[in-house]
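None of the figures in this text is laboratory data; all of them are computed from the coordinates on show. Quantities reported herein were computed from a predicted structural model and do not represent experimental measurements. Cβ sites come from the backbone with ideal geometry, for glycine too, and all protein chains shown count toward neighbours.
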Amino acid sequence: MKKAVQFGAGNIGRGFIGALLSQAGYHVVFADVAKAIIDKINTDKTYTVHVMDVQCEDQPIQNISGVDSTKPEAVDVIAEAELVTTAVGLVILPRIAPTIAAAIEKRRQAGIKTPMNIIACENAIRASSQLKEAVYGVLSAEGKAFADEYIGFPDCAVDRIVPPVKSENFIDVVVESYFEWDVERAGFKGEIPSIPGMSLVDNLMAYIERKLFTLNTAHCITAYLGKLHGLPTIDKAIADPDIYATVFAAMQESGAGLIQKHGFDAGKHAAYIEKIIGRFKNPYLQDDVTRVGREPLRKLSPTDRLVKPLSTAAGYGLPVDHLITGIGAALRYDNPEDKQSAELQEKISEKGVRDAAAEITGLHDNHLLDAVVMAYNKLG
């Protein structure tokens, strides 16, 4: 039977990628440090994905097991797999690289020449390439040569909202029905696996930026404006007419930049925008604005979901007023329980809004910085 290893047995790992792989006929081994989850997976050998949307459905996920990702046996399991996927967060990728490298070395030493593909399914640009760099930093010269020939690192873009909803069975997961998993065709080694729900694409960056500029941009602006209005969840925030109008207009602005840059069909992209903003209204997900808005320094960085769409659209001379409002709202995000939020507010207190915004966002255009400061002050 085909074997896949899913690094990360959290909600995304169980509710999205791991579930798809199990449904595609793989025996899925979840690798994680969360002992309670791994033990429960090994005891029950099943869990349920509760699809909560316009139409609700319960999907039993079976043919699964778990392994402690820090134990030596994890290396053995990975060495036997055809496919390795991750959903651990970008900062964790370097920490799992040594384990993956050890498994590659074991395959080399055992003379296993069937290809293995490793896909980092993270909310980041070219996460698989970043993981590859970390893995190659640990491999021997022989291991690198072996990996060049037999180990693929296809980059991908992922999209599914999986909120942290507590279920009676703590390994069950609640998800929305919509998902996208776009994987770069050229990154595979050997025969490309057939996995229902995995879409093969050639111009991955276009799909990465479409998601980043649309879902991610709109999601975090909804969260930041919702927090300012005292609204606890995304569905309640987007139900506010003023927030909806700002978010929808920001999506139009980012979309105009995407159409110019990647040549997307305007009508199809308009339909995509409607689909995305409609997902925010799902009352079953109860997605906290603090979860979606967390780590504002990362979200305000030059290549992420607020500044990159702004810079792209502004670079084509297109309107960006509502994207600027989103950045102003992000700068206002004040959540003492969020380390980055606390650091953000400290920077603003020490340096002032304009200098702090310039440092965090990398923006140097005086007109845009003036507009960001104005938006920040208006939201106060």
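Local charge for residue 154 was computed over the other residues whose Cβ lies under 14 Å away, with Lys and Arg +1 and Asp and Glu -1, and equals -3.
Computed from backbone phi with θ = phi - 60° and the Karplus coefficients 6.51, -1.76 and 1.60, the 3J(HN,Hα) list for the stretch 355-360 is 5, 5, 5, 4, 5, 6 Hz; x is used for glycine and proline.
Computed on the stretch 130-190, with alpha-carbon pairs under 8 angstrom and 6+ residues apart, the relative contact order is 38 percent.
Please report the relative contact order for the chain, taking Cα pairs under 8 Å with a sequence separation of at least 6, and give it as a percent rounded to a whole number.
Working: 698 pairs, mean separation 47.0, N = 380.
The normalised contact order for the chain reaches 12 percent.
Of the cross-linked pairs 45/166; 3/189; 268/308; 132/347; 339/378, those separated by over 28 Å at the C-alpha level are 132/347. Residues whose amide H falls under 5 Å from that of residue 119, counting only those 5 or more places apart or on a different chain, are 84, 85, 86, with hydrogens built in the peptide plane. Taking amide H atoms as placed 1.01 Å from N in the peptide plane, the amide H of residue 159 lies under 5 Å from those of 180, each 5 or more residues away in sequence or on another chain.
Please list 222-233, 12-23 highest first by mean number of surrounding beta-carbon atoms within 10 Å per residue.
Numbers: 222-233: 21.9, 12-23: 25.6.
Put in order of decreasing packing, that is 12-23, 222-233.
Less than 5 angstrom separates the built amide H of residue 175 from those of 50, 51, 52, all sequence-distant by 5 or more or on a different chain.
How many times 2.2 N^0.38 Å is the alpha carbon radius of gyration of the stretch 1-156?
Numbers: Rg = 15.3 Å, N = 156, 2.2 N^0.38 = 15.0 Å.
After normalising by residue count via 2.2 N^0.38 Å, the value is 1.02.
Rounded to the nearest whole Hz, the Karplus-based 3J(HN,Hα) values (6.51 cos²θ - 1.76 cosθ + 1.60, θ = phi - 60°) of the stretch 119-125 follow the sequence 10, 7, 9, 10, 7, 7, 7, with x at glycine and proline.
Using a 10 Å cut-off on Cβ atoms, rank the peptides 168-175, 337-344 from the highest mean neighbour count down. The partial results should precede the final answer.
Numbers: 168-175: 18.2, 337-344: 15.8.
So the order, starting with the most tightly packed, is 168-175, 337-344.
This model, with +1 at the C-beta of Lys and Arg and -1 at the C-beta of Asp and Glu, gives the chain a dipole about its Cα centre of some 340 debye. As an exercise, use a Förster radius of 25 Å and the Cβ-Cβ distance of residue 36 and residue 291 to find the FRET efficiency, rounded to the nearest 0.05. The computed FRET efficiency comes out at 0.75. With the biggest extent put first, the Cα atoms of the stretch 1-86 measure 44, 26, 20 Å across the principal axes.
Phi angles across the stretch 50-64 convert, under the Karplus curve 6.51 cos²θ - 1.76 cosθ + 1.60 with θ = phi - 60°, into 3J(HN,Hα) values of 8, 7, 10, 7, 4, 10, 9, 7, 9, 10, x, 10, 10, 6, 10 Hz, Gly and Pro given as x.
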